[in-house]
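> Let me begin by handing over the structure; questions about it come next.
The values are calculated or read from the model by the stated rules, or taken from the named source; none is laboratory data. All values reported here derive from a predicted model rather than from experimental measurement. Ideal geometry is used to build each Cβ from the backbone, glycine not excepted, and the neighbour counts take in all protein chains shown.
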Amino acid sequence: MKKSKLILLNAEQRNEEDSETIQEINDAFTKIDQHYSVFTPDLQVFEQMVAVEQQKQKKKFRRDLIAFILIALFIMTSLITAVFQIPIVFIIIQGIATISFPLYSFYRYRKRVMHT
Amino acid sequence: MDEKELIRSAKRGDSLAFAMLFKENYPFLVKYLIKATMNPDIAEDLAQEAMLKSMEKIKLYNGKSKFSSWLITIATNLYIDDLRKKKRELEFKHQEQALRKMKWQFENHSEDWNDALAALGRLSDEIRIPIVLKHYYGYSYEEIADMLHIAIGTVKSRIHNGIKTVRKELRPNEEKQTNTTKRRTTK
């Protein structure tokens with residue numbers, strides 16, 4: 001009984017010390033806030049930054065789209081060629097894809113579960 | 001126009017809406033980054049990087065948190081990723097230099113660089129950032145866990161340990177005393 005009371009007191013004291021420390025921490029951060037004044041540029045500067053970035057994003061999107069279409073065309077042509085020229089290769093590729101996709105998603109799921 | 005309308009326009013690609021949102025939140029973002037990184041030199045660059053990143057991700061913004069909270073989440077994660085990429089030792093050296101510079105800037109304006117500031121500067125980023133978010137900005141443990149992509153328990157223990165470290169640095173004598181009384185009571 002005595003022991004638990006003492007421990008309780010200790011915990012209370014700790015909490016008080018903690019709130020004191022938190023106060024000091026917040027004071028320190030307030031000091032930093034007051035010390036550094038932030039210069040905010042004009043709206044035009046922000047607008048220009050946004051415009052440049054939007055242009056970049058558009059370019060990137062176009063580049064990615066072209067790369068996607070080219071790769072898709074390449075895969076399609078090679079598969080179609082395989083169907084007509086060497087059907088066995090086509091069947092093997094299809095088989096590998098059917099098996100590996102569920103396996104891949106299973107391992108990824110397990111990895112995510114293990115991480116959390 | 002209020003924030004929600006601005007965000008709606010920004011999602012449609014309106015550059016003026018983006019610019020207005022950024023201008024409104026810029027000082028908040030930079031001030032947060034100064035405290036989170038304790039390195040005023042990189043705060044503005046990081047803020048700009050975060051704004052650009054937010055343009056890329058604006059479609060993913062769901063409006064649950066305030067736009068400013070979303071921006072500081074992006075900025076914090078950019079900073080943490082940056083640190084991971086760089087070599088640890090190098091980062092440590094830079095951090096020390098940045099701290100010395102901050103101290104010098106404070107003293108130059110005849111403001112005192114107190115022990116609390118020094119102790120906070122010495123904390124590692126992954127501990128200081130949750131403390132800033134929790135105790136200075138008042139985010140909940142859950143929100144912080146969400147922002148930093150870590151478990152709530154981790155947030156709690158980092159904040160607790162961080163405060164303990166600062167307390168020890170501020171009051172080394174008291175800590176010893178409480179330790180001795182603790183030892184006596186358990187006997």
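> Restricting to the stretch B:113-125, what's the tally of residues that are within 13 Å of A:Thr30 (Cα to Cα), part of a loop (DSSP other than H, G, I, E, B) and either at pLDDT 85 or above or not hydrophobic (A, V, I, L, M, F, W, C) (or both)?
Matching residues across the stretch B:113-125 total 1.
> Please state which of the following conditions B:Asp82 fails to meet, knowing it meets all the rest: (1) closer than 19 Å to A:Thr30 by Cα; (2) surrounded by fewer than 17 Cβ atoms within 10 Å (Cβ to Cβ).
(1)
> Same structure, new question: Here are some residues: B:Arg12, B:Arg84. Which one is free of Cβ contacts under 8 Å to residues at least 24 places away in the same chain and within 14 Å of chain A (Cβ to nearest Cβ)?
B:Arg12
> Moving on to the next point. May I ask you to list the residues in the stretch B:30-46 that are more than 9 Å from every other protein chain (Cβ to nearest Cβ) and within 16 Å of B:Tyr137 (Cβ to Cβ)?
B:Tyr32, B:Leu33, B:Ala36, B:Thr37
> Of everything in the stretch B:10-22, what is within 19 Å of B:Lys64 (Cβ to Cβ) and either crowded, with 16+ Cβ neighbours inside 10 Å or acidic (Asp, Glu) (or both)? Give them in sequence order.
Matches in the stretch B:10-22: B:Ala10, B:Leu21.
> Ok, one more. If B:Leu170 passes every condition in (1) surrounded by fewer than 19 Cβ atoms within 10 Å (Cβ to Cβ); (2) within 11 Å of chain A (Cβ to nearest Cβ); (3) at pLDDT below 90 but one, which one does it miss?
(1)
> Report the residue count in the stretch B:88-111 for those that are at the interface with chain A (Cβ under 9 Å from one of its Cβ atoms) and at pLDDT below 75.
Of the residues in that region, 2 qualify.
> Test of understanding: among A:Leu79, A:Leu73, which residue is at pLDDT 95 or above and out of contact with any Pro (no Cβ under 8 Å at 6 or more places or on another chain)?
A:Leu73
> Inspect the stretch B:126-133 for any residue being outside the structural domain of B:Met20 (by TED's automatic domain parsing) and surrounded by fewer than 17 Cβ atoms within 10 Å (Cβ to Cβ) and give the result as yes or no.
yes
> Would you mind stating whether B:Leu52 is among the hydrophobic types (A, V, I, L, M, F, W, C), in a helix (DSSP H, G or I) and in contact (Cβ under 8 Å) with a residue 40 or more places away in the chain?
Details: among the hydrophobic types (A, V, I, L, M, F, W, C): yes; in a helix (DSSP H, G or I): yes; in contact (Cβ under 8 Å) with a residue 40 or more places away in the chain: no.
For B:Leu52, the condition - among the hydrophobic types (A, V, I, L, M, F, W, C), in a helix (DSSP H, G or I) and in contact (Cβ under 8 Å) with a residue 40 or more places away in the chain - is not met.
> Does B:Arg158 satisfy being of a type in the set (Lys, Arg), surrounded by 18 or more Cβ atoms within 10 Å (Cβ to Cβ), part of a helix (DSSP H, G or I) and facing chain A (nearest Cβ under 10 Å)?
Against the criterion (of a type in the set (Lys, Arg), surrounded by 18 or more Cβ atoms within 10 Å (Cβ to Cβ), part of a helix (DSSP H, G or I) and facing chain A (nearest Cβ under 10 Å)), B:Arg158 does not qualify.
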